[in-house]
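I have placed the structure first, in the form of structure tokens, so that the comments after it can refer back to it.
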Amino acid sequence: MKKLVLILIMATSYNLAYSKGGGKGHMKEVLEELDLSSEQLAKFKEFRQANKKTREERKAQREEMKNARESVKTGFINNISDDELLKLHNKVVELKNKRELGKFEKMKAMKNILTESQREKFMELQESKRKRGPKRD
């Protein structure tokens, strides 16, 4: 159970580094604080490059999720059959699972790149960021 909680916290923390208010600048600061070796930095950059999505892909995924949620709402309002409503709901769940799997893969990569002490430091940095809240421009 503790491992599952830790995994979920790490996945959330990694995503907070790239969330609104954090962005690339925050992750750069975090990486500097972690004092990565050149080998670790190369592995991190390689992972990021291999998994980089284009702006259009991310926009399309957000749009697909928005449309799926809207379909559920519309189906509910229009009193469609329970089976059809369930199909629409399952599409939303499928899209969420796909997004969460991507987050997990990022977290797993971080776990395999960082040392134990760096992982601890990473969690501390993310916790302090959560306490500060997102930056406002």
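No lab work stands behind these numbers, since they all come straight from the coordinates. In this text the structure is predicted, and so the values were computed from the model without any measurement. Glycine also receives a Cβ, built like all others from the backbone with ideal geometry; neighbour counts cover every protein chain displayed.
Could you list Ser71, Ser117 so that the one with the fewest beta carbons within 10 Å of its beta carbon is first and the one with the most is last? Please report the intermediate quantities before stating the final value.
On the way: Ser71 18, Ser117 10.
The most exposed by this proxy come first: Ser117, Ser71.
Taking the average, over residues, of other Cβ atoms within 10 Å as the packing measure, peptides 33-40, 108-115 rank 108-115, 33-40 from highest down.
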